[in-house]
Structures are given as C-alpha cells and as structure tokens.
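Undergrad: Structure incoming, see below.
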Amino acid sequence: MGAQRIGRFGTGESHDWGEVGLRAVVAGCGLASAWIHLTLGGLLFTMNAAGYLALTIALVVRLDLARRARWLTRLALLGFTSATIVGWLFMGARFPLAYIDKAIEVVLIGFLLADIWRADGPPWRTPLRVIRELPIRRDEQAKPQPVPSSTNRPTNADIDEPPHRKVA
C-alpha cells in the first residue's frame, strides 16, 4: 500500500501524510523558536524571531510563488537555524531556556533535513534545480540549423573526388 494522499483546498496539489507531518513539525519548531527569541527582548533577539517567523510562514503559505520557491525557503531556514546555533555557541548566554531553544533548533534541523530529502531529493540535485530554473531562453539554444537547398548541397561526386580532380 502506498501513502494515503490528501488534497489541498482550492489547489490541484495533493500531499501524503508524511509530508504534512514533517512540515507541521518544522513549522512548530520554527514558531516555538521565534516565540522564545521574541520573549527575550532586545534588537538581536527580535530580529531573530522575525527571521524565524518569516521563513516559517514562507514554508507553509499556499501561494504559488512560495510553493515554487519552497526548496529555497527550506535551505534558507536550514542556514538561518545553523547560524543561530553557531552564534549562540560563540557568544550566547548559558541559561536553561537557551538550552531548550537549542534543543528545539536541533530538532528543527533534523526534521528540515528530512523534509528537504523527501521533497527535493538528495542534496546534490539542488544545483541542477537551480540551473534548470535560471531564466535562460532555451529556444535560442536549440535552434535547428537550416537545411541547405538542393542547389547548394554537395553531390556524392563532390564528396568522393579530391579537389584537384574536380571538373567544373
């Protein structure tokens, strides 16, 4: 038996329960981390909360533009979360809520990697996707070459005879 597919209201998309579950856990962890950073106060924590909130909303919103760029949103959230953890390791305060937040962020990274693998395939396919989505006019690259007319086309005698033996 395959995974049961569920439809999305108003769209032709359908997703299986595993994808919905992964995205729900990622969104929950992102919102929890945003809330924790927002409660800490200060400009740096507020901006961090805004980053988590914006990337989490972009990950789950049902707009066509967000859906097409969801692979990029996943990578941005992965990088943002990793940078937050590294920043905390170098200069963060060590108190219980910080450890809870870092645990949430590690869970976020784990589920985000699973979501990336499930939705986009192996990581080495991402550069190929970026190249495919570049706005290059492919119709100019694959122009067919014009077929020479019968008057300009070389005959078998022209091809077989060396140039010094050709009779005009």
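Undergrad: Just to be sure, is Leu43 more than 24 Å from Gly121 (Cβ to Cβ), touching a residue at least 40 places away in the same chain (Cβ under 8 Å) and more than 25 Å from the chain's Cα centre (by Cα)?
TA: no
Undergrad: Of everything in the range 75-113, what is more than 30 Å from Val20 (Cβ to Cβ) and surrounded by 12 or more Cβ atoms within 10 Å (Cβ to Cβ)? Give them in sequence order.
TA: As a first pass, look at the range 75-113 and keep what is more than 30 Å from Val20 (Cβ to Cβ): 86-96, 98.
Of everything in the range 75-113, those that are more than 30 Å from Val20 (Cβ to Cβ) and surrounded by 12 or more Cβ atoms within 10 Å (Cβ to Cβ) turn out to be Gly87, Trp88, Gly92, Ala98.
Undergrad: Quick one: is Leu134 within 18 Å of the chain's Cα centre (by Cα), surrounded by fewer than 13 Cβ atoms within 10 Å (Cβ to Cβ), free of Cβ contacts under 8 Å to residues at least 40 places away in the same chain and outside any helix (DSSP H, G or I)?
TA: Yes, satisfied.
Undergrad: Among the residues of the range 85-99, is any at negative phi and touching a Ser or Thr at 6+ places or on another chain (Cβ under 7 Å)?
TA: no
Undergrad: So Leu65 passes all but one of these: (1) surrounded by fewer than 15 Cβ atoms within 10 Å (Cβ to Cβ); (2) modelled with pLDDT of 95 or more; (3) within 29 Å of Leu134 (Cβ to Cβ). Which condition number does it fail?
TA: Unmet for Leu65, out of (1) surrounded by fewer than 15 Cβ atoms within 10 Å (Cβ to Cβ); (2) modelled with pLDDT of 95 or more; (3) within 29 Å of Leu134 (Cβ to Cβ): (2).
Undergrad: Also, quick follow-up: Taking the range 23-40 as the search range and keeping residues that are over 11 Å from Asp101 (Cβ atoms) and crowded, with 20+ Cβ neighbours inside 10 Å, which one is farthest from the chain's Cα centre (by Cα)? Please lay out each step first, then the result.
TA: First, the residues of the range 23-40 that are over 11 Å from Asp101 (Cβ atoms): 23-28, 30-31, 38.
Subset that is crowded, with 20+ Cβ neighbours inside 10 Å: 23, 26, 30.
Numbers: Arg23: 14, Val26: 15, Gly30: 17 Å.
In this case the residue turns out to be Gly30.
Undergrad: Mind telling me which of the residues Arg74, Arg68, Arg62 ends up being in contact with a helix residue (DSSP H, G or I) (Cβ under 7 Å, 6 or more places away or on another chain), basic (Lys, Arg) and under 30 Å from Trp124 (Cβ atoms)?
TA: Arg74
The values are calculated or read from the model by the stated rules, or taken from the named source; none is laboratory data. No experiment lies behind these values; they were computed from the predicted model shown. In this analysis, Cβ positions are derived from the backbone assuming ideal geometry, glycine residues included, and neighbour counts consider all displayed protein chains.
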